[in-house]
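Readers should treat all values here as calculations from the given coordinates under stated rules, not as data from a laboratory. Since we're looking at a predicted model, the values are computed, not measured. Cβ: placed from backbone, ideal geometry, glycine included. Neighbour counts: every protein chain shown.
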Amino acid sequence: MISQDILVVGGGLAGLAAALSSDPQLKVAVISKVHPLRSHSVAAQGGINAALGNTPDGRDDSWESHAFDTIKGSDYLADQDVAELMCEKAITAIYELEHLGVPFSRFPGGVIAQRPFGGAGFPRTCYAADRTGLVILHTLFEQSIKKQVRFYNEWLVTRLVVRDGKCLGVVVYDLTKGEIMPVKARSVIFATGGYGRVYQRTTNAYINHGSGIGIAYRGGVPLKDMEFVQFHPTSLYGKNILITEGARGEGGYLVNNKGERFMADYAPSAMELAPRDIVARAIQTEIDKGNGFEGQCLHLDLRHLGEAKIKKRLPGIREICIDFAGLDPVETPIPIQPAQHYSMGGIDVDKKCASCVEGFYAAGECACMSIHGANRLGGNSLLDTVVFGRIAGEEASNYVKECEETGDSEKILLDEALKVKRRVEEWMNKDSGEKVHKLLIRLKAIMSDKVGIFREKRDLTEALERIRALREDYKRVNISGSCLRYSQEIVNIFEFESMLDLTEVITLGALNREETRGSHFRLDFRKRNDRDWLKHTLVTWKEGEPQVSYKGVTINKYKPVERKY
Amino acid sequence: MEYIFRIMRYDPLKDMYPFFQDFIYQTQEKKSVLEALMDIRNEQDCTLSFRYSCREAICGSCAMVINGKFDLACRTELEMFESSLIVIEPLPNLEIQKDLLVDMEPFFEAMSKIEPYIQTEGGLSEEGYRIEEKEMEKIFQYINCIMCGCCYSACPVASRDERYLGPAALAKLYRFVKDPRDKRPFSNWSRVNTEGGVWGCDTIFKCNEVCPKNVRPADGIEALRRKLVVEKVKRIFRFKR
Ligand SMILES: Cc1cc2nc3c(=O)[nH]c(=O)nc-3n(C[C@H](O)[C@H](O)[C@H](O)COP(=O)(O)OP(=O)(O)OC[C@H]3O[C@@H](n4cnc5c(N)ncnc54)[C@H](O)[C@@H]3O)c2cc1C
């Protein structure tokens, strides 16, 4: 049986950061369902935040103001100690990335360039043109070649094995061989990313099914604040490929079909650079009022920036527009609409990335500690992945050096793997049944129609019922092929179960939370209600059902006040 | 619209040879080749295997040969084609693992040989580096590489000579040699002063032609050649003096 000291699941930024910071004396491996460079982190565009103060009007920036902006942006749901920890570590984190080879764009004088981003008091988003995710992920991958990190690519983790509150390892489906098998690990770090694909419109990769979050949930770890789902204001109309906030940071305008910069009505001082929840709602409201184009989208106009600036600062956006919409933003405004983008909620962990299960850690988008609260600021997620990925690796290393082995873990792991194998056989042995891609289409429709940007009780209740009905249909799912190697259908069937769990938890949390906060907007409760709801939602899988509980928010310096931009 | 997708199929554990299978595909919407392949897999044959992830031409998963052209399936729109027959093959010169999925190991193996990571001098400074944008711009062309493997697969030299590192790895090396932070010694990077390295290139520029991200790897190879010659001359000159 393969056995590791630390097993990192996920080859995106958080996963690679964790593997690189794990103690080199220990046996460390990374499992990923795709080659690490194919992880969704590679698609990040706009940049990564740190209070370097490199712009002339950013000289007074400090990590404290970064922390304040993050907390205010979160609509005061962030745990303030964790947000502070991240922002304090941000500056060194950027210089470390630079030292490892990240080719950041520069300002005259040679310092790292920074651009304004939504909800930030100073321009503090560091970038490499609009390919920041690509260069950081490739750089960390280069470092893993240097450090000879062990990778198991195209392996899907299907189960977390926990006994008596302690993590023993995982069960994987190895796509390359078509086998189900256990992997023993003294510590497991999940860095499995987000779940965007439970929505019809999302900026996320096709592979972002969120199974890691679901697997942790079934392993007994609570999920936190899952009802907070970020919708990005500007995705390319139709394909929903992201058009970075950096486009507005560089000076782009949002315009409705009357030619108005309508943000003046919604956030008169921040305008286009208000936080995402506010801009996304403004855009959707304009579309709903009939001020859209084709009734579906608005325009992001970059033309006034000029060809030179667009080509230099936003070459990737230009390429996306040309390749996927057949238009050049130098000459034509970009048609945009909001789309699901990021998961503020996730696996419940503390600021050491540790969960309630001994030896089990989580970092990156799949985790919730909570930094982003009810709304994440652009440029804070890449930062989150590198800062907390690293902490996860360090903390897991400390844990492994002290923990004791569980004697009979191999037998338990083999039994679990056998159970998983039986399930696959069951799917294969059915001659007819439900097709998983059809179930997925239905699930996405429910989430988009009923659990989107604007929510209300009736819709949420109905969504919950329909998700639960889908669970019954899922029991009849079958596979039509007989080949176990590289079966995307097997992957999809495994992951769909997690998608059912996640959508149920999101919807349940949203239904219970009778207030409006950050990305969670209730048409029937339009105000934030700190008296009753300044708390984190926790949902735990117990005896086959989700159980809801709540936990207080850590507030130290910043008293919750109304958010105005 | 109705299309015929003629897709190369092969499962090395079952089939003697690769073969083509036709699928009829109908759609009213604008679709990319990748979306069409996913529909075909979902609706017609769930055993059809291919790689994909980001669907926005940045992750490098879905490189294949589409009607004879190397490209990413996600950024190839069906409406670009004049005929309704669409022939899809896996990247050539790499072993087929299943259907359109090939073994990328030789590509990554070649990449790791050039020591593809920055080699700085000194530790982390608290203030960061000072590098002018125009210095960085020299490497921006090369950092656009998404490691899709199109250039390696299309390169006639890589296909006949196992030793040849291929366009992407050599261009990557140039990216580091040009980086002001990288202080790798001449003895390190001049290891490509061989037939398996920069002199292997036939200057047919197939790599420049097939690269979906306009990296133009051959520019990097040529620049490395020039730099090698210049360094050598410098060395001889120094020796004579
Ligand atoms: C288009 C786009 C642009 C963005 N731009 C920015 C930006 O400019 N700035 C910013 O701060 N943030 C940005 N974000 C957000 C940010 O990129 C992500 O939140 C972040 O990259 C997530 O990194 P991660 O390492 O947590 O997960 P990912 O990069 O998604 O990696 C997840 C990994 O887990 C693996 N995996 C998942 N499930 C399993 C399983 N069951 N078994 C095995 N492996 C599994 C996957 O293979 C993958 O390797 C952007 C997001 C999107 C969608």
- [ ] Report the dimensions of segment A:95-168 along its three principal axes from the alpha-carbon atoms, largest first, rounded to Å.
- [x] 55, 33, 20
Task: Loop-located trypsin sites (Lys or Arg not before Pro) in segment A:479-565, at most 12 other Cβ atoms within 10 Å (DSSP) - done: A:Arg526, A:Lys527, A:Lys557, A:Lys564
Task: Mean residue ellipticity (222 nm) of chain B, computed from DSSP H runs ≥ 4 via -39,500 (n - 2.57), nearest 500 - done: -10000 deg cm²/dmol
Open item on the list: In segment A:341-465, if the dipole is taken from +1 on Lys/Arg beta carbons and -1 on Asp/Glu beta carbons about the Cα centre, which of A:Ser448, A:Ala417, A:Trp427 is farthest to the positive end?
Closed with: A:Ser448
- [ ] Would you mind computing the Rg to Rh ratio of segment B:26-76 from its alpha-carbon coordinates, Kirkwood style for Rh?
- [x] 0.95
TODO: Pop out the ³J(HN,Hα) list for segment A:341-350 in order, Karplus 6.51 cos²θ - 1.76 cosθ + 1.60 with θ = phi - 60°, rounded to Hz; leave Gly and Pro as x.
DONE: 9, 8, 10, 6, x, x, 5, 6, 9, 8
TODO: Please give the average number of partner chain Cβ atoms lying within 10 Å of the Cβ of each residue in A:96-104, rounded to a whole number.
DONE: 6
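Treating only the Cβ of Lys, Arg, Asp and Glu as charged (+1, +1, -1, -1), what charge dipole size does the protein assembly as shown show about its Cα centre? Round to the nearest 20 debye.
1500
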Task: Student exercise, segment A:180-261 dipole from Lys, Arg, Asp, Glu Cβ charges, in Debye to nearest 20 - done: 280
- [ ] Please list, in chain and number order, the residues 5+ apart from B:Arg184 or on another chain whose amide H is under 5 Å from its amide H, with Hs placed from the backbone.
- [x] B:Gln119
Open item on the list: Can you give me the long-range amide H partners of A:Val9? Hydrogens built in the peptide plane at 1.01 Å from N, cutoff under 5 Å, separation of 5 or more residues or another chain.
Closed with: A:Ile31, A:Ile189, A:Phe190, A:Ala191
Open item on the list: Please compute, over every Cα-Cα pair in segment A:234-338, the percentage with a separation greater than 23 angstrom.
Closed with: 19
Task: chain A: calculated mean residue ellipticity at 222 nm from DSSP helix runs of at least 4, using -39500 (n - 2.57) - done: -11500 deg cm²/dmol
Task: Over segment B:105-240, equivalent-ellipsoid semi-axes from the Cα gyration tensor in Å - done: 25, 20, 14
Open item on the list: What is the angle, in °, between the Cα long axis of helix A:80-100 and the longest principal axis of the Cα atoms in chain A? Nearest 10 is fine, range 0 to 90.
Closed with: 90
Open item on the list: For a bin width of 5 Å, list the pair-distance distribution of segment A:308-460 built from all Cα-Cα distances, rounded to whole %.
Closed with: 2, 7, 9, 9, 10, 13, 15, 13, 10, 6, 3, 2, 1, 0
TODO: Work out the P(r) tail for chain A: percent of alpha carbon pairs separated by more than 43 Å, whole number.
DONE: 14
Task: Rounded tilt (10° steps) of A:63-73 against the dominant C-alpha axis of chain A - done: 80
TODO: Note the direction-averaged projected area, equal to a quarter of the hull surface, for the Cα convex hull of segment A:182-310, in nm².
DONE: 11.2
TODO: Specify which residue in the list A:Val28, A:Trp63, A:Ala17 is farthest towards the positive end of the charge dipole of segment A:16-73, using unit charges on the beta carbon of Lys, Arg (+1) and Asp, Glu (-1), about the Cα centre.
DONE: A:Val28
Open item on the list: Using only the alpha-carbon atoms, how far is helix A:315-325 inclined from the longest principal axis of chain A? Give it as 0 to 90 degrees, nearest 10.
Closed with: 80
- [ ] Pop out the ³J(HN,Hα) list for segment A:109-122 in order, Karplus 6.51 cos²θ - 1.76 cosθ + 1.60 with θ = phi - 60°, rounded to Hz; leave Gly and Pro as x.
- [x] x, x, 7, 5, 6, 9, 10, x, 9, x, x, 9, x, 9
Open item on the list: Can you give me the Kirkwood hydrodynamic radius for segment B:2-102, using every pair of distinct Cα atoms, in Å to one decimal?
Closed with: 13.7
Open item on the list: Give me the dipole magnitude in Debye, nearest 20, for segment A:361-459 about the Cα centre, with unit charges on the beta carbon: positive for Lys and Arg, negative for Asp and Glu.
Closed with: 840
Task: Square roots of five times the Cα gyration tensor eigenvalues for segment A:521-565, Å - done: 27, 16, 7
- [ ] Write down the Å³ per residue value for the convex hull defined by the alpha carbon atoms of segment A:413-534.
- [x] 131
- [ ] Apply the Karplus parameterisation 6.51 cos²θ - 1.76 cosθ + 1.60, with θ equal to phi minus 60°, to every residue of segment A:371-376 and state each ³J(HN,Hα) to the nearest whole Hz, in sequence, with x for glycine and proline.
- [x] 9, 8, x, 8, 6, 8
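Loop only per DSSP, at most 15 neighbouring Cβ atoms within 10 Å: give me the chymotrypsin sites (Phe, Trp or Tyr not before Pro) in segment B:23-127, ordered by residue number.
Those that pass, being in a loop and sparsely packed, are B:Phe81.
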- [ ] Positive end of the charge dipole of the protein assembly as shown (Lys, Arg +1 and Asp, Glu -1 on Cβ, about the Cα centre): tell me which of A:Val82, B:Ser125, A:Leu502 has its Cα farthest that way.
- [x] B:Ser125
Open item on the list: Set the bar at 20 Å for Cα to Cα. Now go through B:Lys138/B:Lys227; B:Lys113/B:Lys232; A:Lys421/A:Lys475; A:Lys146/A:Lys351; A:Lys239/A:Lys444; A:Lys535/A:Lys557 and name every pair that lies beyond it.
Closed with: B:Lys113/B:Lys232; A:Lys146/A:Lys351
Task: Qualifying trypsin sites (Lys or Arg not before Pro) in segment B:1-53, DSSP loop, other Cβ atoms within 10 Å at most 12 - done: B:Lys14
